[in-house]
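Report on the structure given below.
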Amino acid sequence: MSENLSFAAKLASSIKEEVHKVIVGMNHVVDAVLIALLSEGHIVVEGPPGLAKTCLVKAFSRGLDLDFKRIQFTSDMLPSDIIGSMIYDKENRTFEFRKGPLFANIVLADEINRAPPRSQSALLEAMQERQVTVEGVRHPLPAPFMVAATQNPVELEGTYPLPEAELDRFMMRVYVTPPSESEELEILEMKNVYGEKMRAGKVARRADMLRAIGAVKDVYVDRSVMDYMVRIVSATRTDHRLILGGSSRATVFLMYASKAMAALNGKRYVTPDHVKAVAVQVLNHRLIVKPEAQATSPLSEYRTAEGIVRDILAKVETPR
């Protein structure tokens, strides 16, 4: 177990190094995508346009020897455009299933909120059960499998908000903020030399990723730390500023993400600090904030939810 955890930590470090050949800064976002990948979860990467959200996921796919597909979500998209459809084979006079772009290890759902709810719902079964059902026949998805969705919270015209049932299936939501002046200068220097060239190289095979995922599953979580997670999520359900708090799935995802964070740090067990490090990203998109509790701005709900989670972390007693 110790050897596998060391391997997972080194692998994660190698992947981050390759990603940062393309992406400047955004350390918390890179870590969040890694955590989702290692714990077999899904992630929403949210932020204004032009902040390299799509480029980030592409860089991850280049660093991993995994099948990658990008789906550009649009208002006229159909579920069959995502899942696939039954096609008539004239030669054999039978219908056969032609797989859609969802059948990949890493699926980039680009601007997911531009697709209508009917098409968004095509992801529900895939994200939860790692399979799709077409004409009563189940088709398993490849392992590992991760959906990385991007969306722009500022431009809302022609978009469809993700339903709560779908948002809850995403392990984490992370917000991309504009770079600092020094980071932006580094971006210009990089683009001046390399342009739009994707310099990230492959550093991990599929077998390596599966081994690292297995190592994360073996990370130990003490019952007292589990109780701490339960009390955090339970506190969101009684907070007077919220209409809706975290679900039971949120508690499970909080544990999975904490185990991945521990593995990234080379630890064989989860500490309360690991829980605190991922709690905001695991819980922020599951909380429905009362209108009177938030200011009026495109980021207000995210900022308010983030603040509420941090308040709860400060109040809930940490196990010794």
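The values are calculated or read from the model by the stated rules, or taken from the named source; none is laboratory data. Keep in mind it's a predicted model, so treat the numbers as computed, not measured. Cβ sites come from the backbone with ideal geometry, for glycine too, and all protein chains shown count toward neighbours.
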Going by the conditions given, is Val147 in contact with a helix residue (DSSP H, G or I) (Cβ under 7 Å, 6 or more places away or on another chain) and modelled with pLDDT of 90 or more?
-> yes
Residues of segment 180-201 being modelled with pLDDT under 85 and either β-branched (Val, Ile, Thr) or part of a strand (DSSP E or B) (or both), in sequence order, are Val193
Restricting attention to segment 99-109, does a residue exist that is farther than 26 Å from Arg173 by Cα and either over 23 Å from the mean Cα position of the chain (by Cα) or of a type outside the set (S, T, N, Q) (or both)?
-> yes
Six or more apart or on different chains, Cβ under 6 Å: which pairs go from a residue in segment 33-54 that's farther than 15 Å from Met261 by Cα to one that's of a type in the set (Asp, Glu) and at pLDDT below 90? Could you list them?
-> Thr54/Asp110
Where in segment 1-90 are there helices (runs of 4 or more DSSP H), lying wholly inside it, with at least 1 residues that are under 24 Å from Pro178 (Cβ atoms)?
-> 2-19, 27-38, 53-63
Just give me the residues in segment 237-269 being basic (Lys, Arg), touching a Lys or Arg at 6+ places or on another chain (Cβ under 9 Å) and assigned to a helix (DSSP H, G or I), in sequence order.
-> Arg249, Lys259
Candidates Thr177, Thr150, Thr133 - the one that is in contact (Cβ under 8 Å) with a residue 60 or more places away in the chain, among the polar types (S, T, N, Q) and assigned to a strand (DSSP E or B) = Thr150
